[in-house]
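Undergrad: Pasting a structure here, questions to come.
The values are calculated or read from the model by the stated rules, or taken from the named source; none is laboratory data. All of these numbers come straight from a predicted model, not from anything done at the bench. Neighbour counts run over all protein chains shown; Cβ positions are idealised from the backbone, glycine included. Areas reflect the complete protein model, heavy atoms only, side chains present, ligands, DNA and RNA absent. Shrake-Rupley method; radii C 1.70, N 1.55, O 1.52, S 1.80 Å.
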Amino acid sequence: MKSLKSVSGLLLILTLLSGCGMFGDTEDSPTAEGQGSGGEYGATTSGYGDGSSISGTETQGYGGEQASLGGSFDDPQSPLSKRTIYFNYDSSQVQDAFIPVLSAHAQYLLAHPQQRVTLEGHADERGSREYNIALGEQRAKAVARMLEAEGVSPGQLEIVSYGEEKPAAYEHDEAAWQLNRRVELVYQINR
Amino acid sequence: MTDYLRNFLLTVLVGIGMVLPLSVQAALTIEITEGIESAVPIAVVPFSWQRLTPGVPVHIAEIVKSDLSRSGYFKTLPERDMLTRPDSPAKVKFRNWRALGQDYLVIGQVTEQRGRFNIEFQLFDVYKGEQLLGYRMSVTDHELRRTAHHISDLIFEKLTGKKGYFNSRIAYITSVIKPAGKKQYKLQVADADGFNPQTIATSSEPLMSPAWSPDGRKIAYVSFERKSSAIFVQTLATGKRQRISAYPGINGAPSWSPDGKRLAMTLSKDGSPDIYVLNLATRALLKLTKSFAIDTEPTWSPDGRNIVFTSDRGGKPQLYMMPSYGGRPRRITFTGDYNARGMFSPDGKWLAMVHANGGDYRIAVMDMKTRDINVLADGRLDESPSFSPNGSMILYASRKGTQGFLSIVSVDGGMRQKLVFNQGEVREPAWGR
């Protein structure tokens, strides 16, 4: 694991050096021809996939199962224990019921200016996939705007939309769709 | 003919009309769910083989037969009904085939010579008693399947006047849940009949929106492998790829210009998702739309002049069209409350889309001249339409119950097929050359 970490550190530095600019990032990855070894090489040779998941963001815990944050985050009585905001169909408007929840998170973030949170936008499976990516982003941005309106620094917020790619519920009915139209507040744990 | 082959054929013949089990190597199984009644009868005689080692590496006539019958245009003669199995023109007795009600006949032979296979085949008009087509080709064993599809293309074009699409490939995304509970996403490329699937990218984070370059050599796609979206362009032959776009926010919906020199895409770096065009050589980035609404899913008209995209600027997702060098977008869909993910047919006459009208999401085509919309299938959650290279068929992702699969429907809606993936989820099909 140690050696893996140093390798991933190196990967991180390399990716940072290459920046988030355009082009230039030619890399080896699984070949179409030549086949043979199936899936395993994919993760290794495509590089980014492995590098990123080891280099620090891994602890975020996707899919709602967050690593324990402790304190009020685990107390079901506290609004901080609620970290998923649900939306109506094709809508990115935050419903009134979730305003107290977001206020509580805003207060926490104001009190902890070093704390960062990722707002993950999601959509239900209906309609086209890229439109749903856009919809998920609009939902995450609506949540960000509410937090910022309460004084949270934009620097504490990160936004990513997964559209319909990471459902919370796998059924294909209205009950599942309701659970999937959401923004998850994923607190980044500083270790 | 070996017993094995006879059994195999029997299985195929019993299954005709419902299921064509192709082989265990196929990642996808194809079912014909609706065919055309006026299908033309054609007999494809098993090709004879001359080789030193026993066995037949690839059953060429079988492939040709299943290509032709899957097209919906042809009804192929079961082998057990054949009175003779000629393999050269001199051996053909046309009256035998007339008696069987066949309009056309295909025969062929394969000779192995120093590791190469020399294939010769002929297509005959049974009633006129004349040869319509004759070819001789020399290929390696790796090329046998593709050659069979190529033969299907030649026959199809000769008899229908339309280009064949059998020797083409499809790309699609699969996801499986690994034993540890982690998801694994794969971008795969297979022959159009589902054979020969090859994984070209694997990630534990979502892969999306594969788009073929017009020359069929590259695929652009979206990857979340760094837990944010980025667009990559990967060269199929080498597996090398280049990261094209990784701005903050959305990097999505890549679409190649018809000349392959530019890539339209969706970026949200300035706020709301907008349509951009990236010149791949100069790296110049042109921002096409500037609305505060969602603008996404750009697609080029085949002449490269226009771009159609999805926008909710009017409240609901609808399709808009604008000049590809910039200009005023005009709304082009007015039927239904949801029209998204437009895709032009290669001749530009049709625009396929995901269409909903207060309920199910279905694939529809719009006649670009009359602007009439025709709903093609009766799915509930259909998405990602993509045209066959000849423009006659549309491939899309579909779902019934818990099963996700790919479907193919003819542009007139008359012919339907289902491609069932053997494990996990299959989606976002893109039909390439």
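Undergrad: Indicate, rounded to the nearest 5 percent, the antiparallel portion of the DSSP beta bridges found entirely in region B:38-160.
TA: Numbers: 19 of 28 bridges.
The antiparallel proportion sits near 70 percent.
Undergrad: Heads up, I need the accessible area for A:E150: 1.4 angstrom probe, whole protein in place, Å², nearest 10.
TA: Approximately 70 Å² for this residue.
Undergrad: From the phi of every residue in region B:43-48, what ³J(HN,Hα) in whole Hz does the Karplus formula 6.51 cos²θ - 1.76 cosθ + 1.60 yield, where θ is phi - 60° and glycine or proline is x?
TA: 10, 10, 7, x, 5, 7
Undergrad: How far apart, in nm, are two points set 7 Å out from the Cα along the Cα-to-Cβ line at A:I189 and at A:E148?
TA: Output for this residue pair reads 2.9 nm.
Undergrad: Against the empirical 2.2 N^0.38 Å scaling, what ratio does the C-alpha Rg of chain B come to? Before the final figure, lay out the partial values.
TA: On the way: Rg = 23.2 Å, N = 433, 2.2 N^0.38 = 22.1 Å.
Working it through for chain B, the quotient is 1.05.
Undergrad: Count, for each residue of A:165-171, the Cβ atoms from other chains sitting within 10 Å of its Cβ, then give me the mean as a whole number.
TA: Values: counts 12, 4, 0, 0, 0, 3, 1.
That works out to 3 on average.
Undergrad: While we're on this one: Counting protein heavy atoms only and a 1.4 angstrom probe, how many square angstrom of accessible surface do chains B and A bury in total, to the nearest 100? Intermediate values should be presented prior to the final figure.
TA: Values: alone 20090 and 11570 Å², together 26660 Å².
It comes to approximately 5000 Å² buried between B and A.
Undergrad: Going down the table (B:K128/B:K162; B:K91/B:K128; B:K186/B:K316; A:K141/B:K290; A:K166/B:K261; B:K75/B:K163), which pairs top 25 Å between alpha carbons? Present the calculation step by step, with values, prior to reporting the outcome.
TA: Working: B:K128/B:K162 22 Å; B:K91/B:K128 16 Å; B:K186/B:K316 32 Å; A:K141/B:K290 18 Å; A:K166/B:K261 33 Å; B:K75/B:K163 18 Å.
Distance filter (> 25 Å) returns B:K186/B:K316; A:K166/B:K261.
Undergrad: Here's a follow-up. Based on the mean of other beta carbon atoms within 10 Å per residue, what is the order of B:318-324, B:165-171, most packed first? Walk me through the intermediate numbers first.
TA: Numbers: B:318-324: 20.7, B:165-171: 22.7.
Listed from highest to lowest mean packing, they are B:165-171, B:318-324.
Undergrad: Sequence-distant or interchain residues sharing an amide H contact under 5 Å with B:G379, placed H: which?
TA: Under 5 Å from the amide H of B:G379 lie the amide H atoms of B:I363, each far enough along the sequence or on another chain.
Undergrad: Now for a separate question. How big is the gap, in Å, between the Cα center of region B:162-204 and the Cα center of region B:332-408?
TA: So the two Cα centres are separated by 21 Å.
Undergrad: Also, quick follow-up: Give the Cα extents of region B:38-160 along the principal axes, in whole Å, largest first.
TA: That works out to 41, 28, 24 Å along the principal axes.
Undergrad: Another question, then. To the nearest whole number, what is the average tally of beta carbon atoms from other chains within 10 Å of the beta carbons of peptide B:345-356? The partial results should precede the final answer.
TA: On the way: counts 0, 0, 0, 0, 0, 0, 0, 0, 1, 5, 0, 2.
Taking the mean over all residues of the peptide, I get 1.
Undergrad: What residues from region B:211-228 fall in the zone where the backbone N is under 17 Å from a label point 7 Å along the Cα-to-C-beta line of B:K163?
TA: B:212-218
Undergrad: Taking amide H positions as placed 1.01 Å from N in the peptide plane, with prolines and chain starts having none, which residues 5 or more places from B:K183, or on another chain, fall under 5 Å of its amide H?
TA: Residues meeting the amide H criterion: B:K178.
Undergrad: Under 5 Å between amide hydrogens, which residues at least 5 positions from B:I332 or on another chain qualify, with H placed 1.01 Å from N in the peptide plane?
TA: It is B:L319, B:Y320, B:M321, by chain and number.
Undergrad: Across peptide B:171-184, how many C-beta atoms of other chains are within 10 Å of each residue C-beta, on average? List each step's numbers first, then the result.
TA: Values: counts 0, 0, 2, 0, 1, 1, 1, 1, 0, 0, 2, 3, 4, 3.
What the average comes to for B:171-184 is 1.
Undergrad: Taking the Cα centre of each part, how many Å lie between region B:283-326 and region B:238-271?
TA: 14 Å
Undergrad: What is the distance in Å between the Cα centres of region A:123-178 and region B:39-101?
TA: Each part's Cα centre sits 55 Å from the other's.
Undergrad: Just to be sure I understand the model, the point goes 7 Å from the Cα along the line to the Cβ. What's the resulting A:S72 to B:A39 distance in nm?
TA: Each label point lies 7 Å from its Cα, and together they span 6.8 nm.
Undergrad: Order the peptides B:354-361, B:400-407 from the highest to the lowest mean number of other Cβ atoms within 10 Å of their residues. The partial results should precede the final answer.
TA: Working: B:354-361: 18.8, B:400-407: 16.0.
Packing order, densest peptide first, comes out as B:354-361, B:400-407.
Undergrad: Then there is this: Could you check the spin-label model distance between A:S81 and B:T53? Points 7 Å from the Cα along Cα→Cβ, value in nm.
TA: 6.7 nm
Undergrad: Counting pairs of alpha carbon atoms under 8 Å apart in space and at least six apart in sequence, what relative contact order in percent does region B:95-214 give? The partial results should precede the final answer.
TA: Details: 189 pairs, mean separation 16.1, N = 120.
Relative CO of region B:95-214 lands at 13 percent.
Undergrad: Work out the FRET efficiency for A:D96 and B:R331 from their Cβ-Cβ distance, taking R0 = 25 Å, and round it to the nearest 0.05. Mind showing how you got there, number by number?
TA: Numbers: r = 33 Å, r/R0 = 1.31.
Approximately 0.15, to the nearest 0.05.
Undergrad: With θ taken as phi - 60° and the coefficients 6.51, -1.76 and 1.60, list the Karplus ³J(HN,Hα) couplings across region A:82-89 in order, rounded to whole Hz; mark glycine and proline as x.
TA: Per residue, the Karplus-derived 3J(HN,Hα) values read 8, 10, 10, 10, 9, 10, 7, 4 Hz.
Undergrad: Check the straight Cα-Cα distances from B:K182 and name the aspartates and glutamates below 16 Å, setting aside those fewer than 8 residues away within the same chain.
TA: Here the aspartates and glutamates satisfying the reach criterion relative to B:K182 are A:E40, A:D50, A:E58, A:E65, A:E165, B:E205, B:E225, B:E425.
Undergrad: Share of chain B's accessible area from carbon and sulfur, percent, 1.4 Å?
TA: Working: 8820 of 17650 Å².
Accessible surface attributable to carbon and sulfur in chain B totals 50 percent.
Undergrad: If contacts are Cα pairs under 8 angstrom and at least 6 residues apart, what is the relative contact order of chain B in percent?
TA: 11 percent
Undergrad: Taking only protein heavy atoms into account and a 1.4 Å probe, give the accessible area per residue of region B:38-160 in Å².
TA: On the way: 5670 Å² over 123 residues.
Computed with neighbouring chains in place, this is 46 Å² per residue.
Undergrad: State, as an integer percentage, the relative contact order of region B:38-160 based on alpha-carbon contacts under 8 Å between residues 6 or more apart. Kindly include the intermediate steps, with their values, before the conclusion.
TA: Working: 208 pairs, mean separation 34.0, N = 123.
In percent, rounded to a whole number, it is 28.
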